[in-house]
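The values are calculated or read from the model by the stated rules, or taken from the named source; none is laboratory data. Source: prediction; values computed, not measured. Cβ: placed from backbone, ideal geometry, glycine included. Neighbour counts: every protein chain shown. The protein model used for the area step is the full one, side chains on, heavy atoms only, and it has no ligands, DNA or RNA in it. Shrake-Rupley method; radii C 1.70, N 1.55, O 1.52, S 1.80 Å.
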Amino acid sequence: MSFLTSATHLHITTWVIALVLFFIAAFASKKLTGVHMGLRLMYILMIVSGGALFLEYRDAYGMNYDMKVLFAILVIGFMEMILVRKNKGKSVNVFWVLFAIVLAVTLYLGLSTGIGMNF
Ligand code: HEM
(Lines give C-alpha, C1' and ligand atoms only; values in the text may rest on other atoms or scores of the structure.)
Protein backbone atom coordinates (compact mmCIF):
# COMPACT_ATOMS: atom_id res chain seq x y z
CA MET A 1 0.00 0.00 0.00
CA SER A 2 3.06 2.29 0.03
CA PHE A 3 1.90 4.23 -3.07
CA LEU A 4 -1.12 5.24 -0.97
CA THR A 5 0.80 6.11 2.20
CA SER A 6 4.31 7.26 1.26
CA ALA A 7 2.90 10.75 0.55
CA THR A 8 -0.43 12.60 0.48
CA HIS A 9 -0.25 13.52 -3.22
CA LEU A 10 -2.73 10.87 -4.40
CA HIS A 11 -5.18 11.82 -1.64
CA ILE A 12 -4.88 15.51 -2.47
CA THR A 13 -5.54 14.71 -6.15
CA THR A 14 -8.75 12.85 -5.24
CA TRP A 15 -10.31 15.62 -3.16
CA VAL A 16 -9.26 18.40 -5.56
CA ILE A 17 -10.95 16.53 -8.47
CA ALA A 18 -13.96 15.86 -6.20
CA LEU A 19 -14.34 19.55 -5.31
CA VAL A 20 -14.06 20.59 -8.99
CA LEU A 21 -16.74 18.05 -10.03
CA PHE A 22 -18.94 19.14 -7.10
CA PHE A 23 -18.82 22.84 -8.01
CA ILE A 24 -19.50 22.05 -11.70
CA ALA A 25 -22.59 20.00 -10.72
CA ALA A 26 -23.71 22.48 -8.02
CA PHE A 27 -23.62 25.55 -10.27
CA ALA A 28 -24.97 23.87 -13.40
CA SER A 29 -28.41 25.07 -14.49
CA LYS A 30 -29.49 21.48 -15.16
CA LYS A 31 -28.91 18.07 -13.55
CA LEU A 32 -25.49 16.64 -14.63
CA THR A 33 -25.86 12.91 -13.88
CA GLY A 34 -22.49 11.95 -15.40
CA VAL A 35 -20.62 14.54 -13.34
CA HIS A 36 -22.48 13.44 -10.19
CA MET A 37 -21.54 9.80 -10.87
CA GLY A 38 -17.90 10.85 -11.37
CA LEU A 39 -18.08 12.69 -8.05
CA ARG A 40 -19.40 9.58 -6.30
CA LEU A 41 -16.47 7.60 -7.73
CA MET A 42 -14.15 10.25 -6.27
CA TYR A 43 -15.85 9.85 -2.86
CA ILE A 44 -14.72 6.22 -2.93
CA LEU A 45 -11.17 7.11 -4.02
CA MET A 46 -10.96 9.82 -1.31
CA ILE A 47 -12.09 7.34 1.35
CA VAL A 48 -9.65 4.66 0.10
CA SER A 49 -6.67 7.07 -0.12
CA GLY A 50 -7.54 8.86 3.14
CA GLY A 51 -8.36 5.59 4.88
CA ALA A 52 -4.97 4.14 3.91
CA LEU A 53 -3.20 7.19 5.36
CA PHE A 54 -5.35 6.89 8.49
CA LEU A 55 -4.54 3.21 9.04
CA GLU A 56 -0.83 3.85 8.47
CA TYR A 57 -0.32 6.91 10.68
CA ARG A 58 -3.24 7.03 13.12
CA ASP A 59 -1.10 5.84 16.06
CA ALA A 60 1.35 8.68 15.47
CA TYR A 61 -1.25 11.48 15.20
CA GLY A 62 -4.15 10.20 17.36
CA MET A 63 -7.20 12.44 17.88
CA ASN A 64 -6.24 14.90 15.15
CA TYR A 65 -6.61 12.11 12.61
CA ASP A 66 -9.96 10.99 14.07
CA MET A 67 -11.31 14.55 13.78
CA LYS A 68 -9.88 14.90 10.25
CA VAL A 69 -11.72 11.78 9.07
CA LEU A 70 -14.96 12.78 10.84
CA PHE A 71 -15.05 16.23 9.23
CA ALA A 72 -14.01 14.79 5.85
CA ILE A 73 -17.00 12.44 5.93
CA LEU A 74 -19.24 15.44 6.82
CA VAL A 75 -17.87 17.28 3.76
CA ILE A 76 -18.87 14.34 1.56
CA GLY A 77 -22.31 14.24 3.25
CA PHE A 78 -22.99 17.93 2.65
CA MET A 79 -21.80 17.76 -0.96
CA GLU A 80 -24.29 14.96 -1.57
CA MET A 81 -27.09 16.80 0.34
CA ILE A 82 -26.61 19.99 -1.71
CA LEU A 83 -26.72 18.17 -5.08
CA VAL A 84 -29.66 15.89 -4.24
CA ARG A 85 -31.73 18.78 -2.77
CA LYS A 86 -30.78 21.11 -5.65
CA ASN A 87 -32.01 18.51 -8.17
CA LYS A 88 -35.29 18.20 -6.25
CA GLY A 89 -35.71 21.99 -6.28
CA LYS A 90 -35.44 22.22 -2.48
CA SER A 91 -33.56 25.05 -0.66
CA VAL A 92 -29.86 24.43 -0.07
CA ASN A 93 -28.69 27.67 1.62
CA VAL A 94 -28.17 26.18 5.09
CA PHE A 95 -26.23 23.25 3.64
CA TRP A 96 -23.89 25.60 1.73
CA VAL A 97 -23.01 27.32 5.02
CA LEU A 98 -22.45 23.98 6.80
CA PHE A 99 -20.43 22.71 3.80
CA ALA A 100 -18.16 25.77 3.88
CA ILE A 101 -17.57 25.41 7.65
CA VAL A 102 -16.75 21.69 7.61
CA LEU A 103 -14.58 22.06 4.47
CA ALA A 104 -12.57 24.82 6.15
CA VAL A 105 -12.12 22.68 9.28
CA THR A 106 -11.14 19.62 7.16
CA LEU A 107 -8.53 21.60 5.22
CA TYR A 108 -7.16 23.08 8.45
CA LEU A 109 -6.94 19.67 10.17
CA GLY A 110 -5.35 18.13 7.06
CA LEU A 111 -2.82 20.90 6.53
CA SER A 112 -1.87 21.33 10.20
CA THR A 113 -1.16 17.75 11.17
CA GLY A 114 0.43 14.58 9.94
CA ILE A 115 2.91 13.54 7.28
CA GLY A 116 1.93 15.94 4.55
CA MET A 117 2.23 19.73 4.25
CA ASN A 118 2.37 21.42 7.63
CA PHE A 119 1.48 25.08 7.78
C1 HEM B 1 -13.51 16.49 0.69
C2 HEM B 1 -12.92 15.66 1.47
C3 HEM B 1 -11.47 15.80 1.93
C4 HEM B 1 -10.65 16.90 1.96
C5 HEM B 1 -10.94 18.32 1.49
C6 HEM B 1 -9.39 16.46 2.54
C7 HEM B 1 -8.29 17.30 2.73
C8 HEM B 1 -7.06 16.85 3.17
C9 HEM B 1 -5.86 17.68 3.27
C10 HEM B 1 -5.77 19.16 2.92
C11 HEM B 1 -4.87 16.88 3.72
C12 HEM B 1 -3.40 17.31 4.01
C13 HEM B 1 -2.54 16.95 2.88
C14 HEM B 1 -1.10 17.31 3.23
O15 HEM B 1 -0.83 17.84 4.29
O16 HEM B 1 -0.25 17.01 2.37
C17 HEM B 1 -5.43 15.57 3.93
C18 HEM B 1 -4.73 14.52 4.45
C19 HEM B 1 -5.40 13.43 4.98
N20 HEM B 1 -6.72 13.07 4.80
FE21 HEM B 1 -8.06 14.05 3.77
N22 HEM B 1 -9.46 15.12 2.84
C23 HEM B 1 -10.71 14.68 2.49
C24 HEM B 1 -11.23 13.42 2.64
C25 HEM B 1 -10.65 12.49 3.47
C26 HEM B 1 -11.28 11.24 3.86
C27 HEM B 1 -12.65 10.77 3.35
C28 HEM B 1 -10.41 10.64 4.74
C29 HEM B 1 -10.53 9.32 5.45
C30 HEM B 1 -11.36 8.38 5.21
C31 HEM B 1 -9.24 11.50 4.86
C32 HEM B 1 -8.13 11.23 5.64
C33 HEM B 1 -6.95 11.93 5.55
C34 HEM B 1 -5.71 11.54 6.23
C35 HEM B 1 -5.54 10.36 7.18
C36 HEM B 1 -4.73 12.48 5.86
C37 HEM B 1 -3.23 12.50 6.24
C38 HEM B 1 -2.92 13.65 7.10
C39 HEM B 1 -1.41 13.84 7.07
O40 HEM B 1 -0.74 12.96 7.62
O41 HEM B 1 -0.98 14.83 6.48
N42 HEM B 1 -9.43 12.62 4.08
N43 HEM B 1 -6.76 15.57 3.56
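List of remarks:
- Whole-number accessible area per residue in Å² for the chain, which is evaluated in the context of all protein chains at 1.4 Å: 59 Å²
- Total lysine pairs in the chain at Cα distances under 20 Å, for residues eight or more apart or on different chains: 6.
- Projected onto their three principal axes, the Cα atoms of the chain cover extents of 45, 26, 20 Å, largest first.
- Scalar couplings 3J(HN,Hα) for the range 73-78, obtained by applying the Karplus form with A = 6.51, B = -1.76, C = 1.60 to θ = phi - 60°, are 5, 5, 4, 4, x, 6 Hz; x denotes Gly and Pro.
- Structure-based [θ]222 nm, the chain - -39500 (n - 2.57) summed over DSSP H runs of at least 4, per residue, nearest 500: -29000 deg cm²/dmol
- Listed peptides 95-104, 71-80 appear in the order 71-80, 95-104 once ranked by packing, highest mean of other Cβ atoms within 10 Å at the front.
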